[in-house]
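See below for the structure under consideration.
The values are calculated or read from the model by the stated rules, or taken from the named source; none is laboratory data. Predicted model, so just to flag it, every value in this text is computed and none were measured. Cβ placement follows ideal geometry from the backbone for every residue including glycine, while neighbour counts extend to all protein chains displayed. Only protein heavy atoms, including side chains, enter the accessible area calculation; ligands, DNA and RNA are left aside. Shrake-Rupley method; radii C 1.70, N 1.55, O 1.52, S 1.80 Å.
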Amino acid sequence: MREIKSLQELKNLFGQQVATSEWVEITQERVNMFAEATGDHQWIHIDVERAKRESPFGAPIAHGFLTLSLLPALMQNAIHLSYVKMGVNYGLNKVRFPAPVPVGSQLRAHLKLLSIEDIMDGAQMTWEVSIERAGSDKPVCVAESIARCY
């Protein structure tokens, strides 16, 4: 985990790859729990035997939005802004899912600081978050995540 001790130190990282998270495993249990939480029970995610038989991926795959929902945890695992009292998600710009995430995959995030601007009592940052799957050349999710810190 990379620790950033001041706003100026963070500003000095503008345009750079800042940090990489630890690996996270995508289990069938996690996929099933996400399906329960969201009501998205499409068979390509939760029916293991059917996915093995009929899916072009040969196995169940994680929901794209499950992958996206990992952003806060992956970012917190990769970077710590020790000078910040509170951080909030402000939104997303572009989000794409260029490749599937088969159950059993290991994922990690790479963070690049695209922009940082002062706001009242804090800063707004836009991060390019590229989530990679171990063993794949193509990212499974690329998103611009906007966060505010105070």
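Remarks
- Pairs from LYS5/LYS94; LYS11/LYS112; LYS11/LYS138; LYS5/LYS138 whose Cα-Cα separation, in the structure shown, is over 23 Å: LYS5/LYS94; LYS11/LYS138; LYS5/LYS138
- Per residue, the solvent-accessible area of the range 62-150 (1.4 Å probe, heavy atoms of protein chains only, all protein chains present) comes to 48 Å².
- Tilt relative to the chain, helix 28-38 - C-alpha long axis, 0 to 90 degrees, to 10: 70 degrees
- Surrounding net charge for GLU36, when Lys and Arg each add one and Asp and Glu each subtract one, Cβ distance under 15 Å: -2
- Positive end of the dipole of the range 96-150 (Cβ unit charges, origin at the Cα centre): among ALA147, TRP127, PRO102, the Cα lying farthest that way belongs to PRO102.
- At q = 0.28 Å⁻¹ the log10 of I(q)/I(0) for the range 49-108 amounts to -1.26, computed by Debye summation with a single uniform scatterer per C-alpha, solvent ignored.
- Given charges at beta-carbon only (K, R positive; D, E negative), |dipole| of the chain in Debye: 200 debye
- Net charge contributed by nearby residues that have their C-beta within less than 9 Å of TRP127 (K/R +1, D/E -1): -1
- Peptide packing for 99-108, 115-124, 26-35 was compared via the average number of neighbouring C-beta atoms within 10 Å per residue; ordered from the highest value, the list is 99-108, 26-35, 115-124.
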